[in-house]
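Here the structure comes first, spelled out in structure tokens, and everything after it is commentary.
The values are calculated or read from the model by the stated rules, or taken from the named source; none is laboratory data. None of the values given here were measured: they were computed from a predicted structure. No Cβ is skipped: glycine too gets one built from the backbone with ideal geometry, and neighbour counts run over all protein chains shown. Heavy atoms of the whole protein, side chains included, go into the accessibility calculation; ligands, DNA and RNA do not. Shrake-Rupley method; radii C 1.70, N 1.55, O 1.52, S 1.80 Å.
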Amino acid sequence: MLIPFIPFLTNSSMAPRKKLKGLVAATITPMTPDGKINLPVIRQYVDYLVNEQNVKNVFVNGTTGEGLSLSIQERKQLAEEWMCQGKDKLDHVIIHVGALNLPEGQELARHAAAIGADGIAVIAPFFFKPTNKDELVAFLQKVASEAPEVPFYYYHIPPLTGVKSRELSQNRPVFPHMRLLFWTVRVEELLDGIKAQIPTFQGVKFSDTDLLDLAQCIHKNGTGEFEFLYGVDEQLLGALALGANGAVGSTYNYLGRQTNLMLQAFAKPDFALAQQYQFLTGEFLNFVIKLGFGVAQTKAVMTSVSGIPMGPPRLPLVAASGEFIAKAKAKLDSIVWPNGD
């Protein structure tokens, strides 16, 4: 049963909306050893992000948060706890409300609006996939319309969804009347006319390495109406050079302070210093990716760096090995950042 909750009513009806920019931590879902969500940890988590990493924006129930592995009730509880603990501490709490079926996404969108979320985001459905822009926009619109006062972000992550607008390959039919196609809906195409269909459309969480697509989006966005938040941490500097407003990523949970220093160097501009930060982040990620790096390993690294118990992942993911944890910690400890850390 969900705890009683009083909406914070933080939308634009009460105060001018602050532009979302800078770093957004893709939050981890803390779990107990027996696999239940560990809500009491969120308060400590918020304080750690704000005080230790200087990160004041969060993206809740996304990929890093195992959102699609949680029940609807669990996702609501997490959203409520982040809103509660983040009040007067966080600038933006964006709630991912995407789901594989439309009614659940709509229910989560209504809930996010009721608790005063600063924004909602939706991933493309990825079992029965939209095969073109119109199908995808129709799905997004049906979810966004359930939160008509809340800024809406499209969560673009084709490496996981397989949603693409060009036919790349064709497999043998599963059924005589079906073909398995892989499409890519380029965000550039998605932007055309989207505001007329989704008036609350605010921007994109762009988690793809296609910098050409990102560049064309930003080029089209000459008035700065939309926000483009880059989601591939090891390529953030390239996205900033193209004009990205900020970034959503898992490493900002534990490397937020260093990445903020990279943003400051870029803004000066001191490109050589910004490069140093990006190269060192890439050095760490390149090392752990070779070991096998995903959500489970991210939880282990965050636990090691912050001291906050993030617990195990939920099956089918399995916990990081002791060997991984030791090697990742040693690698991170060995890095000498330009600020002397």
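The amide H of residue 31, built 1.01 Å from its N in the peptide plane, has 38, 311 as neighbours under 5 Å, considering only residues 5 or more places off or on other chains. What the chain shows is 45 Å² of accessible area per residue, with the surface traced by a 1.4 Å probe over protein heavy atoms. Counting 0.36 nm for each residue step from residue 71 to residue 192 and taking away their Cα separation leaves a gain of 40.2 nm.
For the chain, the relative contact order comes to 18 percent (Cα pairs under 8 Å, sequence separation of at least 6).
Each other residue within a Cβ distance under 11 Å of residue 248 adds +1 if Lys or Arg and -1 if Asp or Glu, for a net charge of -1. Across the stretch 321-327, coupling constants 3J(HN,Hα) worked out from phi with the 6.51/-1.76/1.60 Karplus curve, θ = phi - 60°, read 6, x, 5, 4, 4, 5, 5 Hz, and Gly and Pro carry x. Using a Förster distance of 35 angstrom, determine the FRET efficiency expected from the C-beta separation of residue 43 and residue 241, and round it to 0.05. That pair, residue 43 with residue 241, gives E of 0.40. The convex hull drawn around the Cα atoms of the stretch 255-341, when projected onto a plane and averaged over every direction, covers 6.0 nm². Against the empirical 2.2 N^0.38 Å (N residues), the stretch 15-62 has a Cα radius of gyration ratio of 1.34. For the cross-link pairs 268/329; 87/299; 56/331; 56/268; 87/133; 76/220, which exceed 30 Å when the distance is taken from alpha carbon to alpha carbon? Check vs 30 Å cut-off fails for 268/329; 87/133; 76/220. Measuring from centroid to centroid over Cα atoms, what is the spacing of the stretch 104-157 and the stretch 309-341 in Å? Result: 33 Å between the Cα centres.
Using the Karplus relation 6.51 cos²θ - 1.76 cosθ + 1.60 with θ = phi - 60°, the per-residue 3J(HN,Hα) values for the stretch 138-152 come to 4, 5, 4, 5, 5, 7, 4, 5, 7, 10, x, 10, 10, x, 10 Hz, with x marking Gly and Pro.
Dipole size of the chain about its Cα centre, with +1 on Lys/Arg Cβ and -1 on Asp/Glu Cβ: approximately 180 debye, rounded to the nearest 20. Ligands, DNA and RNA aside, residue 145 has an accessible area near 60 Å² when probed at 1.4 Å.
If the chain linking residue 326 and residue 100 were pulled fully straight, counting 0.36 nm for each residue of separation and taking away their Cα-Cα distance, it would gain 77.7 nm.
For the stretch 45-115, the relative contact order is 37 percent, taking Cα pairs closer than 8 Å that sit 6 or more residues apart in sequence and dividing their mean separation by the residue count. Accessible surface for residue 31 stands near 10 Å², nearest 10, in the context of the full protein assembly shown (1.4 Å probe). Approximating the spin labels as points 7 Å out from Cα along Cα→Cβ, the residue 54-to-residue 257 distance works out to 1.0 nm.
Over the residues of the chain, the helix contribution to mean residue ellipticity at 222 nm works out to -12500 deg cm²/dmol, using -39500 (n - 2.57) for each DSSP H run of at least 4.
Between amide H atoms placed 1.01 Å from N, distances below 5 Å from residue 246 occur with 22, 228, 230, all of them 5 or more places distant or on a separate chain.
In order along the stretch 245-257, the phi-based Karplus estimate (6.51 cos²θ - 1.76 cosθ + 1.60, θ = phi - 60°) of 3J(HN,Hα) comes to 6, x, 8, 10, x, 7, 5, 6, 5, 10, 10, x, 5 Hz; Gly and Pro are listed as x. Where both bridge residues fall in the chain, DSSP classifies roughly 10% of the beta bridges as antiparallel.
Percent of accessible area on the stretch 273-326 owned by carbon and sulfur, 1.4 Å probe?
64
Other residues whose C-beta falls under 11 angstrom from the C-beta of residue 317 contribute a net charge of +1, scoring Lys and Arg +1 and Asp and Glu -1. Protection proxy ranking, highest mean first, for peptides 226-239, 103-116: 226-239, 103-116, where packing is the per-residue count of other beta-carbon atoms within 10 Å, averaged.
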